[in-house]
Each structure stands twice: as C-alpha cells, then as structure tokens.
C-alpha cells in the first residue's frame with residue numbers, strides 16, 4: 001500500500017502575517033516600532049504595504065483611524081509592547097467611539113520562554129478590551145490568517161470600530177503553513193416591512209416632522225438617498241456635528257447643526273417638532289436634543305437598535321441598512337397637507353442671520369466666526385478642514401457651511417485633543433489634489449506637534465492654523481459660564497513660527513485681518529507644510545454662546 005503526502009508550503013509567521021494584511025488590501029501601516037516588532041518589520045521590507053514611521057503612537061493611531069473613517073476600510077497602526085501599547089489607548093477609544101474601523105498591532109515578549117522576566121510586560125489585551133470590538137493575543141502561528149480575517153470582519157461591520165492583535169516575538173519567528181483566507185463581504189439585512197410601514201404612518205400623522213442626520217449616515221451612497229428624501233418630502237433637516245455635510249448645507253431645508261446641547265436657535269425648532277426622524281444618530285455623540293416622557297415622538301433609523309437611556313428612548317426602531325431604509329421611505333411617503341413648516345422657516349432665517357453677524361468683523365486678534373467665513377471663502381467645496389478639539393470646534397460646527405460629506409472632520413464622540421494634525425496628514429495622503437487645512441488650538445496642537453516632522457518627511461502639502469490664546473480656551477469658557485474665577489488655565493507657548501521652521505516647514509504670523517488673508521491664500525497655493533500662528537479673540541464666547549443665544553432663542 002502506498003501513501004502519497006500532499007506537500008505543504010511553510011513560511012515564517014511574520015511573513016504570513018504581512019501576506020494576510022496584503023490580502024485584506026492594507027495600503028499603509030503607521031508605526032512606532034520596537035524590538036519586539038523587528039521580525040514583522042523585516043517581513044514588511046519586501047511588501048507592497050507602505051510603512052509610515054510617526055513620532056508618537058498617538059500620531060500613528062489617529063492617522064489609522066482617519067484612514068478608516070474616510071475609506072471604510074480598517075487603517076492599521078503598529079506599536080511595541082508596554083509604553084508603546086499604552087500610547088495607543090486614546091486612538092483606540094477615538095476610533096471605537098467614533099465608528100472608525102482600525103486595526104492595532106502590538107508586539108510582546110516571547111510567551112513560550114521568558115527572556116527578561118516581567119520587564120515592560122502588562123496585559124495589553126485586557127487593557128484594550130473595554131475600548132475595542134476584538135482583542136486577541138496570537139499564541140499559535142497557525143491561527144494568524146484566521147485571526148486577521150476575523151479582526152477585519154469585526155472592524156468593518158456596523159458599528160465600525162477598533163480591533164487589536166498582539167503578536168509575540170517568538171510566535172513571529174515560527175514556521176507555519178502558508179494558509180490565507182479570502183476576504184468576504186457581508187450584506188446588512190434590510191429593515192422589516194412592518195417597521196417601514198409604521199414609520200410611514202407616524203410621519204404622515206405628524207404635524208411638524210423634522211429629520212436629524214447623525215454620524216452613522218455619513219456614507220456617500222446614504223448621502224444621495226437622504227438628499228432625495230428631503231427633496232421629495234420637503235421635510236426640514238438638521239445634523240449632529242459628525243453628520244455635517246451629508247446633505248449640502250446650502251439646501252433650502254437645512255436648519256443648522258446642533259453644536260450646543262441646548263439654548264441655540266436650532267433648538268427652538270427641535271422643541272417645536274412633534275416627530276424626529278433620527279437617521280444614523282449614536283448616543284455617544286453629545287445629545288442634539290433631550291426627550292421628555294409624553295413629549296415628541298422619535299423614529300430611530302440605524303444599522304442597530306437604539307441604546308435607550310434617560311434622554312433617548314425612541315418609540316420606533318427601524319433597523320437595517322440605512323440607505324435602503326431611507327429609499328424605501330422616500331417611495332412611500334407623500335407630502336401631507338397638514339404638515340406645517342412655517343415655524344421652521346422662521347428658525348432658519350434667524351439661524352442664518354445670527355451665524356453671519358460677525359463674518360465681516362475685521363478686528364484683530366481674529367474672531368473665530370471671521371476665521372470660519374474666510375476659510376469657507378477661500379476653500380473649494382471638495383477641500384477639507386480637520387479640527388482638533390477646543391472651543392473653536394463649536395464655532396465651526398455651527399457656522400461652517402459644508403457642501404460635501406466629510407469636508408469638515410471633527411470628533412464629537414471621544415472629543416480628544418491632539419488628533420487635528422495627524423488627521424490632516426492622512427487626508428492629504430488620501431486626497432493629494434485637495435486643499436487640506438488643520439485648525440488646532442494651541443493646547444491641542446502641542447499634544448502631537450512633533451508630527452510636523454513626519455509631515456515634512458513625507459513631503460505632504462497642508463496648512464496648519466494654530467489658534468493662539470495661550471490658554472485652555474474651552475475650559476475657560478465653561479469656567480466663566482459656571483461663575484467661577486479665571487484660574488489655572490493659562491500657559492505660555494513657544495514661538496510657533498520658529499518651531500515650524502525647525503522642522504523644515506514654513507511659519508507665518510499675521511498681524512492683521514488682511515495680512516492673514518494674504519498669508520492664507522499664499523499657503524493654499526504653494527506646496528509643502530505651512531503653519532500660521534493666528535492670534536484669536538475669544539471674548540465673545542461667553543456673551544454669545546451662554547447669554548445672548550439663550551435670551552433670543554426664548555423669544556422665538
């Protein structure tokens with residue numbers, strides 16, 4: 001009797017890991033490697049995957065998360081064990097809360113035979129468990145392909161988020177069968193017919209229905225479906241901060257963005273509505289409105305059911321693919337003669353008048369409202385602004401008119417400082433033909449300002465505007481609103497112009513409104529990394545956002 005053995009091809013585990021990433025279509029890995037990653041680095045040397053070295057793990061993580069946000073495919077970042085892995089915690093939470101698919105790869109000491117006792121070793125898998133969809137240590141090289149496939153599947157499925165694989169040094173060095181899994185797509189189930197019919201009936205019976213667009217609706221195909229829905233029904237709409245731009249905000253049915261939790265003109269319209277059609281909203285975002293028992297009704301349209309909490313308890317869940325749901329609703333809903341949108345039109349006119357009030361104010365230091373207006377004036381519809389986190393984010397969310405989806409990238413889920421510059425870098429790598437501007441507070445910019453070197457080394461073209469008030473301005477605004485003394489929030493900054501130039505970037509410091517406009521136009525029309533140190537005037541934050549809005553909105 002003769003036995004014929006099938007030949008099995010073996011390869012190094014780190015080589016298989018890279019091949020599995022290639023199979024998933026990975027284009028970049030953003031990394032601060034350590035010695036535990038060296039086998040993986042060697043395998044990457046001959047790969048078509050581009051290795052991008054950053055100056056901090058946060059920079060790598062924020063770039064990977066932004067890649068996921070804009071492409072729908074997981075961005076990949078790499079760190080070593082211990083302190084390298086702990087530095088990925090903030091980007092992990094940023095991606096997880098913001099619905100951005102991202103894979104983190106961390107190294108680890110050998111797990112089969114200790115060589116350095118407990119040096120630098122912490123339980124990274126357990127540490128990341130609460131802020132990821134999936135976290136695993138690879139303990140057998142034979143499982144590499146399947147675990148990478150599972151990680152990518154979970155990162156992409158709704159709601160997208162962060163996943164993590166720990167790749168120990170000794171496992172990376174093993175030989176294993178060359179075994180890969182084919183990436184497969186997945187279909188999102190369509191909403192139940194009964195739920196669709198119930199939603200149609202609720203909308204037809206409402207007197208003042210209002211459409212809310214959240215972050216989960218920020219997909220290209222969904223944008224078209226929502227635009228058709230609004231055009232067909234004539235229903236007014238507003239957005240959350242992360243839902244901006246889903247429909248062109250020059251549309252005559254756009255009310256505005258809910259950048260504040262309450263006491264804004266737009267909230268008078270929300271309060272007047274008897275039905276909110278909530279598409280793609282996630283309770284992780286700051287609530288754009290508060291529900292009260294016995295008050296307005298809410299239809300929740302999303303990929304998954306609503307998470308009920310004290311301020312959000314919708315009466316109807318329509319669960320399934322958002323785009324299909326909106327299109328099916330558009331086919332069944334007909335404008336009703338009992339609908340009354342007169343008050344929404346009044347709100348819209350007040351919002352427009354208020355937002356444009358300081359657009360032409362040329363005082364210097366510059367008002368954030370003026371900066372918003374000038375950037376809208378000099379940027380094309382497809383150009384992109386990335387924001388860090390600070391008080392200026394509220395002004396941009398309220399006052400900047402988005403013409404296209406994902407042209408104002410801000411974070412209103414984790415709301416982390418330090419992401420503005422890395423996000424802009426990723427945007428420029430993905431869309432080199434668009435103008436890219438990062439707007440950062442001086443506090444947030446300094447948290448990852450070292451990535452200026454990365455941007456220059458990569459030959460990127462972007463403009464960084466640092467709003468210089470030498471303080472944590474958002475917290476000062478809250479401090480004043482609560483009646484506390486001005487205390488403990490001021491600091492000194494370096495010379496940002498010299499700082500930028502030390503990295504090989506160009507630095508500018510305007511001294512007037514016209515000077516800023518000239519510098520901005522020059523930066524947008526020239527190549528390379530540019531930084532504008534812009535003195536900002538936040539003196540109107542409290543009187544407008546905390547006092548005037550509340551008084552005037554109550555009179556509507």
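The residues of segment 48-104 that are more than 13 Å from the chain's Cα centre (by Cα), buried (at least 21 other Cβ atoms within 10 Å of the Cβ) and not in a strand (DSSP E or B), listed by number, are 54, 57, 58, 59, 60, 74, 80, 81, 84, 85, 88. Considering (1) outside any loop (DSSP other than H, G, I, E, B); (2) farther than 15 Å from residue 541 by Cβ, the lone condition that residue 478 does not fulfil carries the number (2). Among the residues making up segment 297-321, those that are in contact (Cβ under 8 Å) with a residue 24 or more places away in the chain, in contact with a strand residue (DSSP E or B) (Cβ under 6 Å, 6 or more places away or on another chain) and closer than 18 Å to residue 271 by Cβ are 297, 299, 314, 315.
Within segment 124-143, the set of residues being assigned to a helix (DSSP H, G or I), under 29 Å from the mean Cα position of the chain (by Cα) and surrounded by fewer than 20 Cβ atoms within 10 Å (Cβ to Cβ) comprises 125, 126, 127, 129, 130.
To keep it simple, each residue is scored yes or no on (1) part of a helix (DSSP H, G or I); (2) assigned by TED's automatic domain parsing to the domain that holds residue 62; (3) at pLDDT 95 or above.
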| residue | (1), (2), (3) |
| --- | --- |
| 372 | yes, no, yes |
| 393 | yes, no, yes |
| 403 | no, no, yes |
| 411 | no, no, no |
| 429 | yes, no, yes |
| 440 | no, no, yes |
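Among the residues of segment 398-414, those that are under 25 Å from residue 283 (Cβ atoms) and either touching a helix residue (DSSP H, G or I) at 6+ places or on another chain (Cβ under 8 Å) or without any contact (Cβ under 8 Å) to a residue 12 or more places away in the chain (or both) comprise 398, 400, 405, 406, 408, 409, 410, 411, 412, 413, 414. Pairing each residue of segment 322-349 that is without any contact (Cβ under 8 Å) to a residue 40 or more places away in the chain with any residue that is surrounded by fewer than 16 Cβ atoms within 10 Å (Cβ to Cβ), provided the two are 6+ apart or on different chains, yields C-beta distances under 9 Å for 331/232. Checked against (1) more than 29 Å from the chain's Cα centre (by Cα); (2) on the phi < 0 side of the Ramachandran plot; (3) in a loop (DSSP other than H, G, I, E, B), residue 515 meets all criteria but (3). Looking at segment 422-436, which of its residues are surrounded by 24 or more Cβ atoms within 10 Å (Cβ to Cβ) and either touching a residue at least 60 places away in the same chain (Cβ under 8 Å) or closer than 21 Å to residue 261 by Cβ (or both)? Scanning segment 422-436 gives 422, 423, 425, 426, 427.
Within segment 491-503, residues that are over 17 Å from residue 469 (Cβ atoms) reach partners that are not in a helix (DSSP H, G or I) with beta carbons closer than 7 Å, at six or more positions or on different chains, in the pairs 498/507; 500/506; 500/507; 500/531; 501/507.
Residues that are touching a strand residue (DSSP E or B) at 6+ places or on another chain (Cβ under 9 Å), crowded, with 18+ Cβ neighbours inside 10 Å and part of a loop (DSSP other than H, G, I, E, B) do occur in segment 498-505, at least one of them. Residues that are within 18 Å of residue 549 (Cβ to Cβ) and not in a helix (DSSP H, G or I) within segment 355-370 comprise 356, 357, 358, 359, 361, 367, listed in sequence order. Scanning segment 417-427 for residues that are part of a loop (DSSP other than H, G, I, E, B) and closer than 17 Å to residue 76 by Cα turns up just one, 419.
Yes/no matrix, rows are residues, columns are (1) modelled with pLDDT of 95 or more; (2) over 30 Å from residue 432 (Cα atoms); (3) exposed (fewer than 14 other Cβ atoms within 10 Å of the Cβ):
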position	(1), (2), (3)
520	yes, no, no
526	yes, no, yes
531	yes, no, no
537	yes, yes, no
541	no, yes, no
551	no, yes, yes
554	no, yes, yes
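Among the residues that make up segment 455-462, is at least one of them under 24 Å from residue 538 (Cα atoms) and either touching a strand residue (DSSP E or B) at 6+ places or on another chain (Cβ under 9 Å) or in a helix (DSSP H, G or I) (or both)? The answer is no; no qualifying residue exists. Here the helices (runs of 4 or more DSSP H) wholly within segment 144-236 that include at least 3 residues being surrounded by 15 or more Cβ atoms within 10 Å (Cβ to Cβ) and in contact with a strand residue (DSSP E or B) (Cβ under 6 Å, 6 or more places away or on another chain) are 144-156, 193-205. Among the residues of segment 523-541, just one is touching a helix residue (DSSP H, G or I) at 6+ places or on another chain (Cβ under 7 Å) and in a loop (DSSP other than H, G, I, E, B), namely 538.
The values are calculated or read from the model by the stated rules, or taken from the named source; none is laboratory data. A quick note: this is a predicted structure, and the numbers were derived from the prediction, not measured. Backbone-built Cβ (ideal geometry, glycine too); neighbour counts: all protein chains shown.
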